Amino acid sequence: MKTLQYTIRTSKQKLNNNKVVIFCTAFLILSWTYDQPYLEFVHEKEYPISWCVFPFYMTSYSILSFFYFGIVYINSDVPFMQHANMYQVIRTGRRRWAICQIGSILVRSLFIVVTSAVSAILPFTGEIELSGDWGKVVRSLASHKSGDLFKEEHSLDFSFSYEILYKFTPVQLMLLTVILCTLICTLLGILMFAISLFSTKLIAIAGGLVYVIGFFIVENTFGRWKPVIAHFVPAYWAEVALIAKPVDGYYRLPPLTYMFTVLIASIIIMSLVICLKVKYIEFNWENEDA
(Lines give C-alpha, C1' and ligand atoms only; values in the text may rest on other atoms or scores of the structure.)
Protein backbone atom coordinates (compact mmCIF):
# COMPACT_ATOMS: atom_id res chain seq x y z
CA MET A 1 0.00 0.00 0.00
CA LYS A 2 2.85 2.38 0.83
CA THR A 3 4.50 1.58 -2.49
CA LEU A 4 1.29 2.51 -4.32
CA GLN A 5 0.95 5.75 -2.36
CA TYR A 6 4.55 6.75 -3.10
CA THR A 7 4.08 5.80 -6.76
CA ILE A 8 1.03 8.08 -7.03
CA ARG A 9 2.92 10.90 -5.31
CA THR A 10 5.93 10.42 -7.57
CA SER A 11 3.68 10.30 -10.66
CA LYS A 12 2.10 13.63 -9.71
CA GLN A 13 5.56 15.08 -9.28
CA LYS A 14 6.62 13.86 -12.73
CA LEU A 15 3.48 15.22 -14.40
CA ASN A 16 3.85 18.61 -12.68
CA ASN A 17 6.85 19.27 -14.85
CA ASN A 18 7.66 22.03 -17.34
CA LYS A 19 8.91 19.49 -19.88
CA VAL A 20 5.55 17.70 -19.90
CA VAL A 21 3.67 20.99 -20.34
CA ILE A 22 5.96 22.07 -23.19
CA PHE A 23 5.54 18.74 -25.00
CA CYS A 24 1.74 18.68 -24.65
CA THR A 25 1.44 22.28 -25.85
CA ALA A 26 3.73 21.66 -28.82
CA PHE A 27 1.87 18.48 -29.81
CA LEU A 28 -1.46 20.32 -29.72
CA ILE A 29 -0.06 23.05 -32.00
CA LEU A 30 1.30 20.33 -34.31
CA SER A 31 -2.11 18.64 -34.38
CA TRP A 32 -3.86 21.89 -35.18
CA THR A 33 -1.60 22.35 -38.20
CA TYR A 34 -1.80 18.80 -39.56
CA ASP A 35 -5.57 18.50 -39.08
CA GLN A 36 -6.43 21.52 -41.23
CA PRO A 37 -6.72 19.72 -44.63
CA TYR A 38 -9.01 17.12 -43.08
CA LEU A 39 -11.04 19.78 -41.31
CA GLU A 40 -11.59 21.47 -44.67
CA PHE A 41 -12.73 18.14 -46.11
CA VAL A 42 -15.17 17.66 -43.23
CA HIS A 43 -16.63 21.12 -43.80
CA GLU A 44 -16.87 20.48 -47.52
CA LYS A 45 -18.70 17.16 -47.14
CA GLU A 46 -20.73 18.37 -44.14
CA TYR A 47 -20.17 15.08 -42.33
CA PRO A 48 -18.49 14.60 -38.94
CA ILE A 49 -15.23 12.65 -38.70
CA SER A 50 -14.57 9.61 -36.51
CA TRP A 51 -13.09 10.29 -33.08
CA CYS A 52 -10.43 7.63 -33.79
CA VAL A 53 -7.77 9.75 -35.50
CA PHE A 54 -4.75 9.20 -33.25
CA PRO A 55 -3.78 5.70 -34.56
CA PHE A 56 -3.37 7.18 -38.05
CA TYR A 57 -1.37 10.08 -36.61
CA MET A 58 1.16 7.55 -35.41
CA THR A 59 1.77 6.33 -38.98
CA SER A 60 3.20 9.71 -39.96
CA TYR A 61 6.98 9.91 -40.25
CA SER A 62 7.16 13.55 -39.13
CA ILE A 63 4.58 13.30 -36.33
CA LEU A 64 6.12 10.13 -34.90
CA SER A 65 9.61 11.67 -35.09
CA PHE A 66 8.43 14.69 -33.10
CA PHE A 67 6.63 12.42 -30.64
CA TYR A 68 9.68 10.26 -29.90
CA PHE A 69 12.12 13.13 -29.54
CA GLY A 70 9.59 14.64 -27.15
CA ILE A 71 9.53 11.44 -25.09
CA VAL A 72 13.34 11.48 -24.85
CA TYR A 73 13.17 15.14 -23.82
CA ILE A 74 10.59 14.41 -21.11
CA ASN A 75 12.64 11.51 -19.73
CA SER A 76 15.84 13.55 -19.66
CA ASP A 77 15.24 14.03 -15.91
CA VAL A 78 16.80 10.60 -15.28
CA PRO A 79 18.16 9.25 -12.94
CA PHE A 80 15.55 11.15 -10.84
CA MET A 81 18.11 12.25 -8.26
CA GLN A 82 16.77 15.75 -7.77
CA HIS A 83 16.77 17.07 -4.20
CA ALA A 84 12.99 16.69 -4.10
CA ASN A 85 13.48 12.90 -4.19
CA MET A 86 16.14 12.72 -1.48
CA TYR A 87 13.73 12.42 1.46
CA GLN A 88 11.65 9.86 -0.39
CA VAL A 89 14.67 7.54 -0.61
CA ILE A 90 15.25 7.94 3.13
CA ARG A 91 11.61 7.14 3.93
CA THR A 92 11.02 4.32 1.44
CA GLY A 93 14.41 2.67 0.96
CA ARG A 94 16.34 2.28 -2.28
CA ARG A 95 14.45 -0.63 -3.83
CA ARG A 96 10.98 0.77 -3.13
CA TRP A 97 12.15 4.15 -4.42
CA ALA A 98 13.23 2.48 -7.69
CA ILE A 99 9.89 0.66 -8.01
CA CYS A 100 8.05 3.96 -7.48
CA GLN A 101 10.14 5.61 -10.20
CA ILE A 102 9.42 2.77 -12.62
CA GLY A 103 5.70 2.93 -11.83
CA SER A 104 5.66 6.68 -12.34
CA ILE A 105 7.39 6.29 -15.74
CA LEU A 106 4.49 4.03 -16.76
CA VAL A 107 1.90 6.54 -15.48
CA ARG A 108 3.63 9.44 -17.20
CA SER A 109 3.85 7.49 -20.46
CA LEU A 110 0.13 6.71 -20.33
CA PHE A 111 -0.67 10.36 -19.61
CA ILE A 112 1.45 11.58 -22.54
CA VAL A 113 -0.10 9.08 -24.97
CA VAL A 114 -3.68 9.82 -23.89
CA THR A 115 -3.03 13.57 -24.01
CA SER A 116 -1.59 13.20 -27.52
CA ALA A 117 -4.65 11.18 -28.57
CA VAL A 118 -6.95 13.93 -27.29
CA SER A 119 -4.83 16.62 -28.99
CA ALA A 120 -5.16 14.77 -32.31
CA ILE A 121 -8.95 15.08 -32.30
CA LEU A 122 -9.32 18.41 -30.47
CA PRO A 123 -9.11 20.57 -33.63
CA PHE A 124 -12.23 18.73 -34.90
CA THR A 125 -14.32 19.86 -31.92
CA GLY A 126 -17.95 20.15 -33.04
CA GLU A 127 -17.29 17.94 -36.08
CA ILE A 128 -16.72 14.60 -34.32
CA GLU A 129 -18.78 11.46 -34.83
CA LEU A 130 -19.03 9.58 -31.53
CA SER A 131 -19.94 6.09 -32.71
CA GLY A 132 -18.53 2.59 -32.94
CA ASP A 133 -18.31 2.82 -36.72
CA TRP A 134 -15.68 4.49 -38.89
CA GLY A 135 -18.19 6.76 -40.58
CA LYS A 136 -18.44 8.17 -44.10
CA VAL A 137 -15.54 10.62 -43.88
CA VAL A 138 -12.86 8.12 -42.83
CA ARG A 139 -14.12 5.46 -45.28
CA SER A 140 -14.10 8.03 -48.07
CA LEU A 141 -10.58 9.26 -47.22
CA ALA A 142 -9.33 5.67 -46.94
CA SER A 143 -10.75 4.61 -50.30
CA HIS A 144 -8.34 4.62 -53.22
CA LYS A 145 -10.50 6.85 -55.45
CA SER A 146 -11.37 9.67 -53.04
CA GLY A 147 -8.26 9.27 -50.88
CA ASP A 148 -5.79 9.49 -53.77
CA LEU A 149 -7.56 12.53 -55.20
CA PHE A 150 -7.50 14.21 -51.79
CA LYS A 151 -3.76 13.47 -51.41
CA GLU A 152 -3.05 15.06 -54.77
CA GLU A 153 -4.87 18.24 -53.76
CA HIS A 154 -3.33 18.57 -50.28
CA SER A 155 0.05 18.14 -48.63
CA LEU A 156 -0.68 15.46 -46.01
CA ASP A 157 1.39 14.15 -43.11
CA PHE A 158 -0.85 11.20 -42.30
CA SER A 159 -3.48 9.17 -44.13
CA PHE A 160 -6.14 6.60 -43.36
CA SER A 161 -5.38 2.95 -44.12
CA TYR A 162 -8.23 1.20 -45.96
CA GLU A 163 -7.21 -2.31 -44.86
CA ILE A 164 -7.30 -1.58 -41.13
CA LEU A 165 -10.94 -0.46 -41.25
CA TYR A 166 -12.01 -4.06 -41.84
CA LYS A 167 -9.69 -5.53 -39.24
CA PHE A 168 -10.54 -3.38 -36.19
CA THR A 169 -13.34 -1.16 -34.94
CA PRO A 170 -12.45 2.40 -33.83
CA VAL A 171 -12.57 1.37 -30.16
CA GLN A 172 -10.33 -1.66 -30.73
CA LEU A 173 -7.77 0.26 -32.78
CA MET A 174 -7.65 3.16 -30.33
CA LEU A 175 -7.17 0.88 -27.31
CA LEU A 176 -4.54 -1.12 -29.16
CA THR A 177 -2.63 2.01 -30.18
CA VAL A 178 -2.79 3.65 -26.75
CA ILE A 179 -1.64 0.50 -24.91
CA LEU A 180 1.10 -0.27 -27.42
CA CYS A 181 2.42 3.31 -27.48
CA THR A 182 2.32 3.46 -23.67
CA LEU A 183 4.44 0.31 -23.42
CA ILE A 184 6.87 1.61 -26.08
CA CYS A 185 7.29 4.91 -24.21
CA THR A 186 7.58 3.11 -20.86
CA LEU A 187 10.35 0.89 -22.22
CA LEU A 188 12.15 3.97 -23.55
CA GLY A 189 11.89 5.73 -20.18
CA ILE A 190 13.01 2.67 -18.20
CA LEU A 191 15.89 2.07 -20.62
CA MET A 192 17.10 5.64 -20.09
CA PHE A 193 16.70 5.22 -16.32
CA ALA A 194 18.76 2.02 -16.34
CA ILE A 195 21.53 3.50 -18.51
CA SER A 196 21.76 6.56 -16.26
CA LEU A 197 22.36 4.32 -13.23
CA PHE A 198 25.27 2.59 -14.96
CA SER A 199 26.78 5.71 -16.55
CA THR A 200 25.64 9.34 -16.86
CA LYS A 201 22.56 11.32 -17.86
CA LEU A 202 24.12 12.33 -21.18
CA ILE A 203 24.80 8.72 -22.13
CA ALA A 204 21.24 7.84 -21.09
CA ILE A 205 19.88 10.52 -23.42
CA ALA A 206 22.16 9.23 -26.17
CA GLY A 207 20.82 5.73 -25.54
CA GLY A 208 17.26 7.07 -25.85
CA LEU A 209 18.16 8.69 -29.17
CA VAL A 210 19.61 5.41 -30.43
CA TYR A 211 16.28 3.77 -29.50
CA VAL A 212 14.53 6.38 -31.66
CA ILE A 213 17.04 6.17 -34.53
CA GLY A 214 15.99 2.53 -34.99
CA PHE A 215 12.63 3.88 -36.15
CA PHE A 216 14.30 5.90 -38.94
CA ILE A 217 16.29 2.86 -40.03
CA VAL A 218 13.15 0.75 -40.48
CA GLU A 219 11.32 3.58 -42.24
CA ASN A 220 14.10 3.80 -44.82
CA THR A 221 14.45 0.05 -45.35
CA PHE A 222 12.50 -1.59 -48.16
CA GLY A 223 11.72 -5.04 -49.44
CA ARG A 224 11.86 -8.19 -47.34
CA TRP A 225 14.37 -6.68 -44.90
CA LYS A 226 11.86 -4.14 -43.61
CA PRO A 227 9.71 -6.62 -41.60
CA VAL A 228 12.85 -8.47 -40.48
CA ILE A 229 14.47 -5.38 -38.96
CA ALA A 230 11.08 -4.23 -37.62
CA HIS A 231 11.06 -7.27 -35.27
CA PHE A 232 13.94 -5.65 -33.33
CA VAL A 233 12.79 -2.02 -33.29
CA PRO A 234 9.94 -1.35 -30.80
CA ALA A 235 9.84 2.34 -31.75
CA TYR A 236 8.47 1.33 -35.16
CA TRP A 237 5.56 -0.62 -33.67
CA ALA A 238 3.58 2.55 -32.95
CA GLU A 239 2.53 2.36 -36.61
CA VAL A 240 0.10 -0.40 -35.67
CA ALA A 241 -2.60 1.16 -37.89
CA LEU A 242 -0.54 -0.11 -40.85
CA ILE A 243 -0.36 -3.69 -39.59
CA ALA A 244 -2.80 -4.91 -42.26
CA LYS A 245 -1.26 -2.91 -45.11
CA PRO A 246 1.56 -4.69 -46.99
CA VAL A 247 4.54 -2.88 -48.48
CA ASP A 248 6.54 -4.45 -51.33
CA GLY A 249 4.48 -7.60 -50.82
CA TYR A 250 5.37 -7.97 -47.11
CA TYR A 251 3.53 -7.07 -43.91
CA ARG A 252 5.68 -4.45 -42.22
CA LEU A 253 4.94 -5.24 -38.56
CA PRO A 254 5.39 -8.36 -36.38
CA PRO A 255 2.29 -10.11 -34.96
CA LEU A 256 0.57 -8.34 -32.06
CA THR A 257 1.34 -11.19 -29.65
CA TYR A 258 5.05 -10.84 -30.47
CA MET A 259 5.05 -7.07 -29.93
CA PHE A 260 3.25 -7.21 -26.59
CA THR A 261 5.36 -10.14 -25.35
CA VAL A 262 8.65 -8.43 -26.21
CA LEU A 263 7.61 -5.09 -24.71
CA ILE A 264 6.29 -6.52 -21.44
CA ALA A 265 9.23 -8.93 -21.04
CA SER A 266 11.76 -6.14 -21.78
CA ILE A 267 10.11 -3.80 -19.26
CA ILE A 268 10.18 -6.51 -16.57
CA ILE A 269 13.83 -7.40 -17.26
CA MET A 270 14.95 -3.76 -17.28
CA SER A 271 13.01 -3.13 -14.05
CA LEU A 272 14.77 -6.04 -12.34
CA VAL A 273 18.14 -4.72 -13.49
CA ILE A 274 17.31 -1.29 -12.06
CA CYS A 275 16.16 -2.73 -8.70
CA LEU A 276 19.40 -4.72 -8.42
CA LYS A 277 21.66 -1.87 -9.47
CA VAL A 278 20.08 0.78 -7.22
CA LYS A 279 21.20 -1.15 -4.12
CA TYR A 280 24.86 -0.41 -4.83
CA ILE A 281 25.00 3.01 -6.49
CA GLU A 282 26.01 6.28 -4.86
CA PHE A 283 23.25 8.92 -4.96
CA ASN A 284 24.48 12.25 -6.32
CA TRP A 285 21.65 14.70 -5.67
CA GLU A 286 21.07 17.52 -8.17
CA ASN A 287 19.60 20.99 -7.86
CA GLU A 288 17.61 20.51 -11.08
CA ASP A 289 13.82 20.57 -10.79
CA ALA A 290 12.12 17.18 -10.65
For the stretch 1-61, please list each of the helices (runs of 4 or more DSSP H) lying entirely inside it that holds at least 3 residues being in contact with a Pro (Cβ under 7 Å, 6 or more places away or on another chain), surrounded by 14 or more Cβ atoms within 10 Å (Cβ to Cβ) and not acidic (Asp, Glu). none
Pick out the one residue from Gly132, Gly103, Gly70 that is of a type outside the set (D, E, K, R) and assigned to a loop (DSSP other than H, G, I, E, B). Gly132
When Ile190 is evaluated against the numbered criteria (1) closer than 30 Å to Leu276 by Cβ; (2) out of contact with any helix residue (DSSP H, G or I) (no Cβ under 9 Å at 6 or more places or on another chain); (3) of a type outside the set (D, E, K, R), which criterion, by number, is the only one it fails? (2)
With respect to Ala265, is the statement that it is in a helix (DSSP H, G or I) and under 16 Å from the mean Cα position of the chain (by Cα) true? no
Single unsatisfied condition, Ile102 versus (1) under 15 Å from Asn17 (Cβ atoms); (2) modelled with pLDDT of 90 or more: (1)
Mind checking whether some residue in the stretch 152-169 is within 23 Å of the chain's Cα centre (by Cα), assigned to a loop (DSSP other than H, G, I, E, B), buried (at least 18 other Cβ atoms within 10 Å of the Cβ) and at pLDDT 85 or above? yes
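This table checks each residue for (1) surrounded by fewer than 17 Cβ atoms within 10 Å (Cβ to Cβ); (2) among the hydrophobic types (A, V, I, L, M, F, W, C).
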| site | (1), (2) |
| --- | --- |
| Asn220 | yes, no |
| Val228 | yes, yes |
| Pro234 | no, no |
| Pro246 | yes, no |
| Arg252 | no, no |
In contact with a strand residue (DSSP E or B) (Cβ under 6 Å, 6 or more places away or on another chain) and at pLDDT 85 or above: is that true of Val138 in this structure? yes
Say whether the condition of being in contact with a Phe, Trp or Tyr (Cβ under 8 Å, 6 or more places away or on another chain), over 19 Å from Asp77 (Cβ atoms) and among the charged types (D, E, K, R) is met by at least one residue in the stretch 269-280. no
Filter result for the condition that a residue is at pLDDT below 85 and either under 19 Å from the mean Cα position of the chain (by Cα) or not basic (Lys, Arg) (or both), over Glu219, Glu286: Glu286
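The values are calculated or read from the model by the stated rules, or taken from the named source; none is laboratory data. As the structure is a computational prediction, the values presented were derived from the model and not from experiment. Here the Cβ is made from the backbone with ideal geometry for all residues, glycine too, and neighbour counts use every protein chain on show.
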